1. Return yes or no: is residue 72 surrounded by 19 or more Cβ atoms within 10 Å (Cβ to Cβ), at negative phi and touching a Phe, Trp or Tyr at 6+ places or on another chain (Cβ under 6 Å)?
2. Under the condition of being in contact with a helix residue (DSSP H, G or I) (Cβ under 7 Å, 6 or more places away or on another chain) and of a type in the set (A, V, I, L, M), which residue from segment 13-36 is surrounded by the fewest Cβ atoms within 10 Å (Cβ to Cβ)?
3. Only one of 46, 98 is touching a Leu at 6+ places or on another chain (Cβ under 8 Å), farther than 20 Å from residue 135 by Cα and exposed (fewer than 15 other Cβ atoms within 10 Å of the Cβ); which?
4. Collect the residues in segment 15-35 that are among the charged types (D, E, K, R) and over 12 Å from residue 67 (Cβ atoms), keeping them in residue-number order.
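Throughout, read-outs are computed from the coordinates displayed, never taken from laboratory work. If you're wondering where the values come from, they're calculated on a predicted model, not measured in any experiment. Using ideal geometry, Cβ is built from the backbone for each residue, glycine included, and neighbour counts are taken over all protein chains shown.
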Amino acid sequence: MKRILVVCLGNICRSPIGEGLLKYHAIKNDLQIHVESAGTSGWHQGEKADPRSIEVMRGHGHNITNQRSRVLVASDLHTFDYILVMDSQNLIDVNGIGAGTARVERFVNGQDVPDPYHGGANGFDQVYSMIDDAARKWVKTWSKT
């Protein structure tokens, strides 16, 4: 079973959406994976996802209210098979922790997922669409291997 960690800055906006959508698409495609999420900062450790992330997910039929923020730790680089980051700064931060066995890649191939934290609700809708499309592609790829 593949182990995936989805990473953004605070683990309250983008990565909780990514965690929820990877789980959803895996179940939908009968793929057994283990998914968690984390942040490169500990600013929101133990907190629920941002209410706007919860709302955009709820609007599409998903419930992420049980997720809690946690900080990325060095052992994650060995615990997970994939660490999927939301932007180039997350990529720098994860790689700066050190080497591990996990494949560290962008969640959306070749593109940053913008942080919607300081924006309005439309930013969360845009992020949802980007992450949903990429989550489908990841699950399709993993289903082939």
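1. Considered against the rule, which asks whether it is surrounded by 19 or more Cβ atoms within 10 Å (Cβ to Cβ), at negative phi and touching a Phe, Trp or Tyr at 6+ places or on another chain (Cβ under 6 Å), residue 72 comes out as no.
2. Only one residue tops the list, namely 31.
3. Result: 98 is the single residue among 46, 98 that is touching a Leu at 6+ places or on another chain (Cβ under 8 Å), farther than 20 Å from residue 135 by Cα and exposed (fewer than 15 other Cβ atoms within 10 Å of the Cβ).
4. 28, 30
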